[in-house]
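As structure tokens, the structure follows; a few thoughts come after it.
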Amino acid sequence: MTFFNPAVLVAVLGGVAIAFQSLFSGVIGSKVGVFESVFIVHAGGLLLAAAIMAFLRGGNLGAWHTVPWYTLTAGFLGVAIVGTISYTVPRIGLASTLTVAIAAQLAIGALLDHFGLLGAMQRTFDLPRIAGLVALALGTWLVVR
């Protein structure tokens, strides 16, 4: 996979958005509170998503019932994500928060891939992947210490 793959570039843009959203959520959380920050962030997201869906005339929203039931908890997980970030950014900083959160994402992602759980594409552990996870743990420690 090349870095100039369009999907990789979209992922980079997503990472940039996560950094800014995390910072902004942390600032809101430190000024008005964690749950208030979660509400403000998700209300803004709801408004934007509603506008996009209106523009698309509903898109394929009618097929929502075809997805596995557990995937419908993604919104609840979004609340947990924004809440934890709103709480941790003012306390340990943006870089440490994102480093720990991303390391956790990658480790759980590798486990889900390894076992092919919850619809993940199965990709078993091999030596380079294990070495990468060890390097990730070391890098996380170096950033957070």
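Remarks
- When the alpha-carbon atoms of region 33-118 are used, the pair Rg, Dmax equals 16.1, 43 angstrom.
- In loop segments of region 49-130 as defined by DSSP, the trypsin sites (Lys or Arg not before Pro) with at most 10 further C-beta atoms inside 10 Å of their C-beta are ARG57.
- For the chain, built as a Gaussian network whose Cα springs stay under 10 Å, the top-fluctuating residue of PHE39, PHE20, PHE76: PHE76
- Derived scalar couplings ³J(HN,Hα) [region 15-22; Karplus, 6.51 cos²θ - 1.76 cosθ + 1.60; whole Hz; x for Gly, Pro]: x, 4, 4, 4, 4, 5, 4, 4
- Gaussian network model of the chain, Cα within-10 Å springs - most flexible of GLY83, GLY116, GLY58: GLY58
- In order along region 54-61, phi translates into HN-Hα couplings of 5, 4, 8, 6, x, x, 9, 4 Hz, rounded to whole numbers, per the Karplus curve 6.51 cos²θ - 1.76 cosθ + 1.60 with θ = phi - 60° and x for Gly and Pro.
- Rg in Å to one decimal, and Dmax rounded to a whole Å, for region 1-47 via C-alpha atoms: 14.2, 43
- Both numbers refer to the Cα atoms of the chain; Rg and Dmax are 17.6, 49 Å.
- Overall form of region 93-145 per C-alpha gyration tensor (a/c, 1.5; a/b vs b/c): oblate
Read-outs throughout are calculated quantities, based only on the coordinates presented, and are distinct from any laboratory measurement. This is a predicted model, so every value here is computed, not measured. All Cβ positions, even for glycine, are placed from backbone atoms using ideal geometry, and neighbour counts span all protein chains on display.
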